Amino acid sequence: MGYRLYGRRQTGSMAIEAALRLCGADWTLADTPRPTRAADRAALLQINPRGQVPILIHPDGTVITEGPAILSHLAAAFPAASLAPAPGTSARAWHDRWLGFCHANVYEGMLRELFPDRYTLDPAGGPAVAAAATDYVRCHFSIFEAELALRPDTTFFCGTIPSVLDIYLWMLCFWIDADWLATTCPGLAAHWHRMRALPVLIAVEKAHFG
Ligand SMILES: N[C@@H](CCC(=O)N[C@@H](CS)C(=O)NCC(=O)O)C(=O)O
């Protein structure tokens, strides 16, 4: 039995799907629309108490949630796919630092933009939360853009093979204003277009945005 991915179009499961395809894992998709019936929600909560996707079920039944944890697992479990620099190297430390940075700041900031009412007790406070979140997300994209400018020219963040950090950024770029990205973060915009040209990712993009 292979992996089972609980996912939904245009969500964080996009990056997991891309990594599963790139590492050649045996996996199936459990398409998980946002639950509308109480029974479906209860079933999802049994697997992930946060009720969120992505969820990756390991072939041995272990439940893995949190995008970066799932991606790190796949990189370690399929070393031949070179989805991250070797464990213990400074290159891996750099990679994991920025994966954590993008998850903690960019992804979570995007959730505040999308679901602002969850982040305030003020019934009228949503628009202010969303506006602040947009600034926050852009600020963190810009910090990463500045970091990239310090690095030697490579096709992908860690060399010539896309890592799970490349995949994560590729996904995040679908959720930010493309004109803002092109103008303010040209390095990230160019990276996004390079990633979008990879045949495997073209297929995943089509599944999520086609
Ligand atoms: N911290 C989690 C967040 C996952 C998450 O926010 N998933 C969203 C879709 S992108 C979701 O399932 N939201 C449904 C909800 O919160 O009710 C991760 O990084 O994987």
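Any read-out appearing in this document is the output of simple, stated calculations on the displayed coordinates, not a laboratory observation. Here the structure is a predicted model, which is why all the values come from computation and not from measurement. As a convention, Cβ positions derive from the backbone with ideal geometry for all residues, glycine included, and neighbour counts pool all protein chains shown.
Worth a mention:
- With a cut-off of 14 Å between beta carbons, the residues surrounding L181 carry a summed charge of 0, where Lys and Arg count +1 and Asp and Glu -1.
- Based on C-alpha pairs under 8 angstrom that are at least 6 apart in sequence, the chain has a relative contact order of 21 percent.
- Remark: the stretch 60-75, residue by residue, has Karplus-estimated 3J(HN,Hα) of 8, x, 5, 8, 10, 10, 6, x, x, 5, 5, 5, 5, 4, 5, 4 Hz, where x stands for each Gly or Pro and the curve is 6.51 cos²θ - 1.76 cosθ + 1.60 at θ = phi - 60°.
- Computed [θ] at 222 nm, deg cm²/dmol, the chain (DSSP H ≥ 4; -39,500 (n - 2.57); rounded to nearest 500): -16500 deg cm²/dmol
- Per-residue HN-Hα couplings for the stretch 25-42 [Karplus 6.51, -1.76, 1.60; θ = phi - 60°; Hz; x = Gly/Pro]: 5, 8, 8, 10, 9, 9, 5, 10, x, 4, x, 9, 8, 4, 5, 5, 5, 4
- Dmax and Rg, reported as Rg then Dmax, of the chain (C-alpha, Å): 17.3, 52
- Selected from Y136, Y119, Y107 as most flexible by GNM, with the chain as the system and alpha-carbon contacts under 10 Å: Y119
- The alpha carbon centroids of the stretch 110-158 and the stretch 1-28 are separated by 25 Å.
- Inter-label distance, nm, simple model (7 Å from Cα along the C-beta direction), A69/R50: 0.8 nm
- Rel. contact order, % - alpha carbon contacts under 8 angstrom, at least six apart, the stretch 3-81: 39 percent
- Relative contact order for the stretch 154-210, counting Cα pairs under 8 Å that sit 6 or more residues apart, in percent: 25 percent
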